[in-house]
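Okay, structure first, notes after.
The values are calculated or read from the model by the stated rules, or taken from the named source; none is laboratory data. This one's a predicted model, so the numbers in the text were calculated from it and none came from an experiment. Note that we place each Cβ from the backbone using ideal geometry, even for glycine, and neighbour counts take in every protein chain shown. Side chains included, ligands, DNA and RNA excluded: accessible areas come from the protein's heavy atoms. Shrake-Rupley method; radii C 1.70, N 1.55, O 1.52, S 1.80 Å.
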Amino acid sequence: VQLQASGGGLVHSGGSLRLSCAASKSIISILTMGWYRQAPGKQRELVAVITTGGSTNYVDSVKGRFTISRDNAENTVSLQMNSLKPEDTAVYYCNAVSIRGQYWGQGTQVTVSS
C-alpha cells in the first residue's frame with residue numbers, strides 16, 4: 001500500500017475528527033498531498049490540498065472548519081475536521097502527486113450524524 005489512511009469514523013454533528021495519511025518511502029519527489037471525498041451518488045471532489053511549500057487550498061464548503069497539514073520529512077498529511085456537518089459524510093481518500101504520477105489511498109469512511 002503506497003498511501004495508508006486512517007482516522008475515519010462516526011461522529012455527531014458539530015464534532016471533530018482527524019484523518020491521517022502516510023505515503024510510502026517509495027514515492028519520491030511528492031509535489032502535493034491532499035484529501036478528496038466521495039459521497040453516495042456524487043462525484044469525487046477535492047476537499048483540501050497542500051503543496052511542499054505549505055500553500056493550501058480548500059473547497060468552499062469546508063473553509064474555516066477543516067485544516068490540512070503536512071510533514072514533508074515523514075511524507076504524511078493530516079486533515080483536522082472540526083464543526084462537522086451531516087453533509088461531510090463521505091469516503092475520504094488521501095492523494096499524492098509526485099513527479100512520477102498520482103497515488104490514492106484506500107479510502108476511509110467519515111459519517112456525521114445529525
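If I ask for residues that are more than 10 Å from Ile50 (Cα to Cα), charged (D, E, K, R) and surrounded by 18 or more Cβ atoms within 10 Å (Cβ to Cβ), which ones from the stretch 70-79 would you list?
none
Confirm whether Lys25 is closer than 15 Å to Val91 by Cβ and either part of a loop (DSSP other than H, G, I, E, B) or open to solvent by 70 Å² or more (accessible area, probe 1.4 Å) (or both). Lay out the reasoning, then the answer.
Numbers: closer than 15 Å to Val91 by Cβ: no; either part of a loop (DSSP other than H, G, I, E, B) or open to solvent by 70 Å² or more (accessible area, probe 1.4 Å) (or both): yes.
No.
So Val62 fits all but one of (1) free of Cβ contacts under 8 Å to residues at least 40 places away in the same chain; (2) in contact with an Asp or Glu (Cβ under 9 Å, 6 or more places away or on another chain); (3) surrounded by fewer than 21 Cβ atoms within 10 Å (Cβ to Cβ); what number is the exception?
Here Val62 meets the rest and fails (3).
The conditions are (1) at pLDDT below 95; (2) under 15 Å from the mean Cα position of the chain (by Cα), and Ser20 fails exactly one of them. Which is it?
Failed condition: (1).
Just give me the residues in the stretch 46-84 being part of a loop (DSSP other than H, G, I, E, B), within 22 Å of His12 (Cα to Cα) and among the hydrophobic types (A, V, I, L, M, F, W, C), in sequence order.
Filtering the stretch 46-84 down to residues part of a loop (DSSP other than H, G, I, E, B) leaves 52-55, 59, 63-65, 72-75, 82-84.
Applying the additional criterion that residues be within 22 Å of His12 (Cα to Cα) yields 59, 63-65, 82-84.
Result: Val59, Leu84.
Just to be sure I understand the filter: pairs with C-beta atoms under 9 Å, separated by 6 or more residues or on different chains, first member in the stretch 35-55 and among the basic types (Lys, Arg), second member open to solvent by 70 Å² or more (accessible area, probe 1.4 Å). Which pairs pass?
Between residues of the stretch 35-55 that are among the basic types (Lys, Arg) and residues that are open to solvent by 70 Å² or more (accessible area, probe 1.4 Å), the close pairs are Arg37/Arg44.
Taking the stretch 29-45 on its own, how many of its residues are within 22 Å of Val1 (Cβ to Cβ) and either in a strand (DSSP E or B) or open to solvent by 70 Å² or more (accessible area, probe 1.4 Å) (or both)? Spell out the reasoning first.
So the first thing to find is which residues in the stretch 29-45 are within 22 Å of Val1 (Cβ to Cβ), and the list is 29-38, 44.
Now restrict to residues that are either in a strand (DSSP E or B) or open to solvent by 70 Å² or more (accessible area, probe 1.4 Å) (or both): 30-38, 44.
Count: 10.
When you go through Thr108, Thr67, Thr51 one by one, which is the residue that is under 18 Å from Gln2 (Cβ atoms), surrounded by 12 or more Cβ atoms within 10 Å (Cβ to Cβ) and within 14 Å of the chain's Cα centre (by Cα)? Explain how you work it out, then say what you get.
On the way: Thr67 fails: under 18 Å from Gln2 (Cβ atoms); Thr51 fails: under 18 Å from Gln2 (Cβ atoms).
When all the criteria are applied, what remains is Thr108.
Residues to consider are Asn57, Asn95, Asn82; find the one that is among the polar types (S, T, N, Q), under 30 Å from Ser114 (Cα atoms) and open to solvent by less than 40 Å² (accessible area, probe 1.4 Å). Spell out the reasoning first.
On the way: Asn57 fails: open to solvent by less than 40 Å² (accessible area, probe 1.4 Å); Asn82 fails: open to solvent by less than 40 Å² (accessible area, probe 1.4 Å).
Testing whether each residue is among the polar types (S, T, N, Q), under 30 Å from Ser114 (Cα atoms) and open to solvent by less than 40 Å² (accessible area, probe 1.4 Å) leaves just Asn95.
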